[in-house]
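Reviewing the structure listed below.
Quick note: the coordinates plus some simple rules give every number you see, no bench work behind them. Computed from a prediction, not measured in an experiment: that's the story for all the values here. Don't worry about glycine lacking a Cβ; one is built from the backbone with ideal geometry, like all the others, and counts go over all protein chains shown.
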């Protein structure tokens, strides 16, 4: 198949380059996977009465209520908890996007898939779009 040694050498270098590129991408992807799994985000209500923390999946894992919530209607506190949790989820998406784009590049198809997955899973039903209705 190879008619001369130069062509064979060029083919070997090309394969070696591909192999190095694949190995480097696998390393970056593994590091990104660990980073995304460890992500959390915290948000506070504008008045500071509610603080919500979400884990990498966007689930509420910590909720802190200031004593001021005792002096307000329960419905207001509930609204603050929901809004603050959504703000934490939005921050989680921002962090996931930043980490993914830093690791893989904004134009990378895999990066876009990760970002779209986060956005789809954490989109509020009233924001519309694919995957919004649950």
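Values as computed for the structure displayed
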quantity	calculated
Contact order relative to length of the stretch 5-126, as percent, for alpha carbon pairs under 8 angstrom and 6 or more apart	23 percent
Ratio of Rg to Rh over the stretch 5-126 (Cα coordinates, Kirkwood Rh, two decimals)	1.27
Nearest-ten-degree value, helix 74-104 long axis tilted from longest Cα axis of the chain	10 degrees
Highest to lowest packing among 94-102, 81-89, scored as the average C-beta count within 10 Å	81-89, 94-102
Per-peptide average of other Cβ atoms within 10 Å, ordering 69-75, 57-63 highest first	57-63, 69-75
Gap separating the Cα centres of the stretch 61-91 and the stretch 1-45, nearest whole Å	43 Å
Degrees between helix 109-122 axis and first principal axis of the chain (Cα, 0 to 90, nearest 10)	20 degrees
